[in-house]
Every structure is written in C-alpha cells, then in structure tokens.
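**Student:** One structure is given below, represented as structure tokens, and several questions about it will come after.
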Amino acid sequence: MDTKTIQKKVLEACAIAAYHQRTDIPVVTTLLSDDAPQFKQIAYNHALCWIHDGRNYKKLRPIVPYHKEKLEAFLHNYWDFYGELCVFSRKPDSNVAEQLSAKFDQLFSTQTGYEQLDERISKTKEKKEHLLKILTLPEIPLHNNAAELAARAKVRKKRCEPSNNDR
C-alpha cells in the first residue's frame, strides 16, 4: 500500500472513531445500506438491503435455456425466502430465526451448474451476517428502497429547478 492510501485509511478510521464518540448529536447505531464500501464501519450494526442484493441476479443475462431455467428457479426461491423474512419481521421468534439461518445456508449453497449464477449465490452467502441482521434486530427493514426513492426524488426535483444562471 502506498503512503497516500495508508493516510486515507487512517483518516477514515479517525473520523469514524470521532463520530462514534459524539455526544452532541445522535450517533447511528444501525445502518441499512446497499453494501457500498463507504458505509462499512460507520454503525455498530450494519444490515444489507435485500432488494439491492437481488438486483445483482437481474444483471445475469443467460442465453442457454437451461441457465435461464436455473436462474428463474433460484430467483423464485430467493424471493420466497425474502417473504419468510418479511413474516419473521412482523412476528419474531428465536426458533424461527434459527430455522431461517439454516435455510439461508441451504439456499445459498445451491450449485446450479450455471457458473455465473453459482458465483453470485456464493457472493450473497458471504454477506449472511449483514443480510440476516433482521434475525437479531427484527425492527430494521429488509430494504432501503423508501429512503433511496426519497433521495432520488430530491435529486430529480433539484435538477428540474432553474439555477441562478437560468433565471
């Protein structure tokens, strides 16, 4: 690592540590994000958005019919599992949490023979701790689309407003 990179990482770590020590403003203890690297380590609890993770599967564009079938079948199971997490969030239960954790391991150990899909499945499995944060913190949402859509609406509105140069 070069000196600039090391300096940047040290400064980021100091900024995060200083943020966590703040007493004059509320410090975010739980953050739900899309897994962008800049969100790591900001909050004590970091959850990942299932909708964002699911979008990675939509990027797969299989040509071979067998691969299309495998992707469709996997996505059906993926969203069924998501539905089970939604039910859990409304009625948390420690026994159900254990079952969902085991079911996650089973689902994301699937091998389809479609290499790109299998790689994507493996990447999702690596994020288990953050995707299943709801099992220990059932009050957090499974996705951040509402916040993201609100932010996009502000940006769109801002783009539509005339600037001082346009007036």
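Please treat every number below as a calculation from the coordinates, not as lab data. As the structure is a prediction and not an experimental result, all values here were calculated from the model. Virtual Cβ from ideal backbone geometry, glycine too; neighbours counted across all protein chains shown.
**Student:** Can you order the peptides 119-132, 80-93 by their average number of other Cβ atoms within 10 Å per residue, highest first?
**Tutor:** 119-132, 80-93
**Student:** Near the amide H of Ala47, under 5 Å away, which other amide H atoms are found, from residues 5 or more places off or on another chain, if H is placed in the peptide plane?
**Tutor:** Amide H neighbours of Ala47, under 5 Å, 5+ apart: Leu31, Leu32, Ser33.
**Student:** At 0.36 nm per residue, minus the direct Cα-Cα distance, what do Asp24 and Ser109 gain on full extension? Give it in nm, one decimal, please.
**Tutor:** 26.1 nm
**Student:** Would the stretch 39-93 count as rounded, prolate or oblate if I go by the C-alpha gyration tensor, calling it rounded below 1.5 in a/c and otherwise prolate when a/b exceeds b/c, oblate otherwise?
**Tutor:** Oblate, since a/c reaches 1.5 and b/c is not below a/b.
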